[in-house]
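*Asks:* Starting off with a structure, shown below.
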Amino acid sequence: MTSKLDSLDQWVNDVAAMTRPAKIHWCDGSDTEYRALVQQMLQSGDLIELNQQTHPGCYLHRSSPSDVARVEHLTFVCTKDEADAGPNNHWMAPAEAHAKMDALFDGCMEGRTMYVIPYCMGPIDSPLSRCGVEITDSPYVVANMRTMTRMGAPALARIEREGRFVKGLHSTGELDPERRFIIHFPEELSIKSYGSGYGGNALLGKKCHALRIASHQARSEGWLAEHMLIVGIENPQGETHYVAAAFPSACGKTNLAMLIPPEGYRKEGWRVWTVGDDICWMRPGADGRLYAINPEAGFFGVAPGTSTLSNPNALQTISRDTIFTNVAVTADNQPWWEGLPGTPVTDWQGRPYDPANGPAAHPNSRFTVSAKQCPTWSPKAEDAQGVPISAIMFGGRRPSLLPLVMEARDWTHGVLMGAAMGSETTAAATGAVGVLRRDSMAMKPFCGYHYGDYFAHWLSLDKPGAKLPKVFHVNWFRKGKDGKFLWPGFGENLRVLEWMIARVEGKAGGVETPIGTLPAHGELKLEGLELPRETLAELLTVDHAGWQTELHAIGEYLDSFGTRLPANLRQEQQRVAQALETPRKAAAHA
Ligand code: TSX
Ligand code: MN
């Protein structure tokens, strides 16, 4: 018995005294425990059995129709000093937030079981990993946390050894959107979430811990907690480069993490390895390089759009032992969503499918599945020391102006590229279509502190002895005048990754432009692809006038972070703006 474990016991006792559950269950993470939970949820109707012949071990969960996504307006970061939360977060005073939440938690578990979930984010034996304990009254949360984290006895042992863990308290509550809050106390390493049973609001290890709390912790400890996929690219010589990539939502992060090489590449011996599809924790190693782990153990992926065109590896991954949330169902009880063959008979709310009610599957419907089931799951994903990162990629949906790929001249320029990234909106439901929303490093909803301080932290990694990755910006979504996508995307993106790796290895010269280095003529391998010369030229030209406008807009965006914006970053923006004003030399693909 250590005093460290006592602090966990003390907290569990305090929470039980407040929430007054009928029963307390300490989760051990075993198969037996999981099977019993599933049986219990099948009885209660929390889970519905899917076709066990076609989808063994697969179940469907339907959330409350008013509880289908993250709720940014109800998400708060509670630091002592309001300024520390920054303009990118909603803030509440810690004492006020605790009082508000504890009033909601008072007696909220009466008659229910309180589950105590010890979990580890990252390989259990990795120094880069961090532990937490989530207390919840939702068996659905337990089942999902078991897939998404290393949950149970080994995590509890590590917590006992280290003493330090993130405390997460969750209750589904009455699912009233008026009584729903997701609250973070980064200075206390704690989270309180009430009134939602859905995804990132309720599986506290994911966005709440691994991004909002961890980003705050990472800043003080000299590492990075990022909203990035991690993918390994193995060349025919058997050498693997690891790339970490940040994209705003709806850019196909999971698809890129599970990319299938074009046929010619496969024949030559290229392979792609999935290390992570959503979150990346990186820190400088003894050799100065950045080493990354995926803190998660599973995928909580968006179902709609997952298809044989976009991601056959994901389809194979979720063919068994998967929990589906808010998808539709076919006549023979198979999970269904827009993009799959077949027809739905029951929609995500359990109603007979009627196109007048909108899509059959909810657009934010999900699958929860163990990463081990992914055919391209990297053996290195379980390595305690992590994988060395050769390149960082930023990207977004930019129908115009931004080239297919560009490389930052140095780290500071790369940080500027990440800060300036964003997507043009597509879904009419979220407002105007075609409006550029900046989403620096894809962290806008997830950075647990002031964005200005965050940019400064990124810049601070560039110090003597550091061997930082090269930084690139990609755009798979450039459109021509006819409104059609210019680049075929998906597996063909490996051609762009190959160029990036050639740059990393010093094997491609590139063409320097004011906005960064672009592929020189002939450097992008296009064999086996019918891409017209003019299309390639369009994908790789630099429109100086358009870029001057863009740089001006980037400057205004940076200014919105006020005095905490690092001066270096604003200077870097000015450097690029100035470079665009000097008389242009010959274009890369004139
Ligand atoms: O995921 C995508 N990626 C990355 C893949 C590794 N998507 C889907 C985005 C929605 C989540 C893409 N969509 C990509 C892409 O590279 N590119 C596009 C645009 C596009 C869409 C369709 C086609 C080509 C490009 N072609 C046909 O439909 C045949
Ligand atoms: Mn994400």
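The values are calculated or read from the model by the stated rules, or taken from the named source; none is laboratory data. Because the structure is predicted, anything quoted here is derived from the model rather than measured. Reconstructed Cβ throughout: ideal geometry from the backbone, glycine too, with neighbour counts over all protein chains shown. Each accessible area value is taken on the protein alone, full model and side chains, heavy atoms only, with ligands, DNA and RNA left out. Shrake-Rupley method; radii C 1.70, N 1.55, O 1.52, S 1.80 Å.
*Asks:* Could you check segment 77-90 and list, in sequence order, the residues that are open to solvent by 30 Å² or more (accessible area, probe 1.4 Å) and within 17 Å of Tyr194 (Cα to Cα)?
*Replies:* Matches in segment 77-90: His90 only.
*Asks:* Residues being at pLDDT 95 or above and within 21 Å of Pro403 (Cβ to Cβ): count how many of those fall in segment 534-583.
*Replies:* So the answer is 31.
*Asks:* State the number of residues belonging to segment 91-123 that are within 16 Å of Met18 (Cα to Cα) and either of a type outside the set (A, V, I, L, M) or open to solvent by 10 Å² or more (accessible area, probe 1.4 Å) (or both).
*Replies:* The total comes to 15.
*Asks:* Pull up segment 242-256, narrow it to residues that are more than 10 Å from ligand 2 (Cβ to nearest atom) and on the phi < 0 side of the Ramachandran plot, then point me to the one that is most open to solvent (accessible area, probe 1.4 Å).
*Replies:* Asn255
*Asks:* Then there is this: Of all strands (runs of 3 or more DSSP E) completely enclosed by segment 461-548, which ones contain at least 1 residues that are buried (at least 16 other Cβ atoms within 10 Å of the Cβ) and at positive phi?
*Replies:* Numbers: elements: 470-474, 511-513, 516-518.
Here the list reads 516-518.
*Asks:* I need every pair where a residue in segment 321-334 that is farther than 18 Å from Gln373 by Cβ has its Cβ under 9 Å from the Cβ of a residue that is of a type in the set (Lys, Arg), sequence separation at least 6 or different chains.
*Replies:* Pairs that qualify, where the first residue is farther than 18 Å from Gln373 by Cβ and the partner is of a type in the set (Lys, Arg), are Asn326/Arg62; Asn326/Arg366.
*Asks:* In segment 425-453, which residues are open to solvent by less than 20 Å² (accessible area, probe 1.4 Å) and under 17 Å from the mean Cα position of the chain (by Cα)?
*Replies:* Passing the criteria: Ser440, Met441, Ala442, Met443, Phe446, Cys447, Gly448.
*Asks:* Could you please give the count of residues in segment 282-304 that are away from ligand 1 (no atom under 16 Å from the Cβ), open to solvent by less than 10 Å² (accessible area, probe 1.4 Å) and touching a helix residue (DSSP H, G or I) at 6+ places or on another chain (Cβ under 7 Å)?
*Replies:* Total satisfying the criteria: 4.
*Asks:* When you look at Thr325, is it within 16 Å of ligand 2 (Cβ to nearest atom) and over 30 Å from Ser220 (Cβ atoms), yes or no? Give the steps one after another, and end with the answer.
*Replies:* Working: within 16 Å of ligand 2 (Cβ to nearest atom): yes; over 30 Å from Ser220 (Cβ atoms): yes.
Answer is yes for this residue.
*Asks:* Yes or no: segment 225-232 includes at least one residue that is more than 16 Å from ligand 1 (Cβ to nearest atom) and not hydroxyl-bearing (Ser, Thr, Tyr).
*Replies:* Scanning segment 225-232, I find at least one residue that is more than 16 Å from ligand 1 (Cβ to nearest atom) and not hydroxyl-bearing (Ser, Thr, Tyr), so the answer is yes.
*Asks:* Can you name every residue in segment 32-85 that is in contact with an Asp or Glu (Cβ under 7 Å, 6 or more places away or on another chain) and closer than 15 Å to Pro139 by Cβ?
*Replies:* Leu42, Tyr59, His61
*Asks:* Name the pairs whose Cβ atoms lie under 8 Å apart, with the first residue in segment 374-387 and open to solvent by 20 Å² or more (accessible area, probe 1.4 Å), the second of a type in the set (Ser, Thr, Tyr) and part of a loop (DSSP other than H, G, I, E, B), and 6 or more positions between them or separate chains?
*Replies:* Hits for this filter: Asp383/Ser126; Ala384/Ser126; Gln385/Ser126.
*Asks:* Another one. Condition check: in contact with a helix residue (DSSP H, G or I) (Cβ under 7 Å, 6 or more places away or on another chain) and farther than 16 Å from Ala143 by Cβ. Does Asn88 satisfy that?
*Replies:* Details: in contact with a helix residue (DSSP H, G or I) (Cβ under 7 Å, 6 or more places away or on another chain): yes; farther than 16 Å from Ala143 by Cβ: yes.
Judged against the criteria, Asn88 is a match.
*Asks:* Moving on to the next point. So which of Pro363, Pro403, Pro399 is touching a residue at least 24 places away in the same chain (Cβ under 8 Å), touching a helix residue (DSSP H, G or I) at 6+ places or on another chain (Cβ under 7 Å) and not in a strand (DSSP E or B)?
*Replies:* Pro403
*Asks:* Which numbered condition trips up Asp559, out of (1) in the same structural domain as Lys484 (by TED's automatic domain parsing); (2) of a type outside the set (Val, Ile, Thr); (3) open to solvent by 20 Å² or more (accessible area, probe 1.4 Å)?
*Replies:* With (1) in the same structural domain as Lys484 (by TED's automatic domain parsing); (2) of a type outside the set (Val, Ile, Thr); (3) open to solvent by 20 Å² or more (accessible area, probe 1.4 Å) applied to Asp559, the lone miss is (1).
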